[in-house]
1. Is any residue of the range 225-242 close enough, with backbone N under 20 Å, to a label point placed 7 angstrom from the Cα of Val264 along the Cα-Cβ axis, and if so, which?
2. Assign one of three labels to the range 154-298, namely rounded, prolate or oblate, based on the Cα gyration tensor with a ≥ b ≥ c the square roots of its eigenvalues; rounded applies when a/c is under 1.5, prolate when it is not and a/b is larger than b/c, and oblate otherwise.
3. Using only helices, what value at 222 nm comes out for the chain when you add -39,500 (n - 2.57) per DSSP H run of length 4 or more and divide by the total residues, to the nearest 500 deg cm²/dmol?
4. Determine the gain in length on full extension of the stretch Arg93-Ala20; use 0.36 nm per residue of separation and subtract their C-alpha separation, reporting nm with one decimal.
5. Let me check the size of the range 68-117 from its C-alpha atoms; what are the radius of gyration and Dmax in Å?
6. Just the Cα atoms of the range 34-172: what Rg and Dmax do they give in Å?
7. When the accessible area of the chain is split by element with a 1.4 Å probe, what percent falls to carbon and sulfur?
8. Taking only Cα atoms and a 10 Å spring cutoff, compute GNM fluctuations for the chain and point out the largest among Val359, Val172, Val134.
Amino acid sequence: MRETAQTAREARTDWALELAAPAVRGLVPYEPGKPIEALERELGIREAVKLASNENPLGPSPRALEAARAALAGIARYPDGHGHALRAALAARHGVDPACVVLGNGSNDVLDLVARAFLGPGTEAVMSAHAFAVYPIATRAAGAEAVVAPARDFGHDLEAMAARVTARTRVVWIANPNNPTGTRLAPERLRAFLEALPPHVVAVVDEAYHEYAAPAGEAGAIAWLAALPRLVVTRTFSKAHGLAGLRIGYGVAAPEVAELLNRVRQPFNANAVAQAAAQAALADEAHIARSVALNREGMAQLEAGLGELGLAWIPSAGNFLCVDVGREAAPVYEALLREGVIVRPVAGYGLPRHLRVTVGLPEENRRFLEALGRVLGR
Ligand SMILES: *Cc1c(COP(=O)(O)O)cnc(C)c1O
């Protein structure tokens, strides 16, 4: 009886799968960090700590919250599909023309726009091992082949990546700093790599953690756009700006490239509340400075605590770090959940002995370190 039910279930799955586009059949959905509410529900506990998705523990700027509340009054109307005000503010901030800025429903949306605009069956995209999980998903969903170069010291090996660029390559994905490893490429080395790419390749430099990596306000890869017309730089309001739940990010590219991305963009992908909040967040530089300072202190706290536990970690330029727990990490992750601490397993990134932990508030970091010590018996 049970077997029959199971067979019927499987048959139904096959039935749907056969209808799916070939590119979709092999996809595995992105696995997000576990929400606090889910863990508290499952364990019947309260005050769980989530250090699993690299969110800003300070939350957003109060000015962004105020702008979001004010924007709620207008949500009967569609948002500005051109995102005029926010794009103008971003263009001014980065010293580019507004035509260079493309808004996204989070920067993941922009990554997907790049894949849809430049990839398809018969093409390839090159990325590094341990790179951000959305790159292979966006690549394969577009019907293209994901070509993964081995990493060096957990970070991007630019020589290995260059060696995998072929006549079929259309996109190269690079996160700088990278998630989940936190590794960062020296700007001059990255720039030399980008300059050497052949003219049929678009490069994406994903700077989701730029504020943490370059606290002095360096321009990052956006400064290279004038010289590198096939570059797309992505940024987000989800991390240092503390607006992950609103879903707003952007890409900066040559106007010709931005125009292509806009062809495949949903007209109202950036919602009205998010646009208003992002604009206010962008203006609140003091909040970013506070967030970056808190991150620096929290990173030092985590490193000191991990050192006391005798553990190794990958030095990180972001607001998170990957710790080597010295054994298979999945049971450690599960045990930490039972301690009310949510971190991120990264076995799916080829790192089965590591866990990624987001830098939290001092008290959250302390709870993580104490729980980890108990779980590991140290
Ligand atoms: C978190 C993250 C993003 C941002 O995603 P959003 O869609 O903007 O929330 C992009 N790239 C990397 C590498 C990230 O870690």
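1. Label zone hits: 229-236.
2. Oblate is the answer for the range 154-298, as a/c is 1.5 or above yet b/c matches or exceeds a/b.
3. Values: 15 runs with 162 residues, N = 378.
Result for the chain: -13000 deg cm²/dmol, rounded to the nearest 500.
4. 22.0 nm
5. 12.8, 35
6. Using the Cα atoms of the range 34-172, the pair Rg, Dmax is 20.0, 55 Å.
7. On the way: 9640 of 17410 Å².
Within the chain, the accessible surface is 55 percent carbon and sulfur.
8. Greatest mean-square fluctuation among the candidates belongs to Val134.
The values are calculated or read from the model by the stated rules, or taken from the named source; none is laboratory data. For clarity, every value in this text was computed on a predicted model and none was experimentally measured. Note that we place each Cβ from the backbone using ideal geometry, even for glycine, and neighbour counts take in every protein chain shown. Just so you know, the surface numbers come from the protein's heavy atoms only, side chains and all, with ligands and any DNA or RNA stripped out. Shrake-Rupley method; radii C 1.70, N 1.55, O 1.52, S 1.80 Å.
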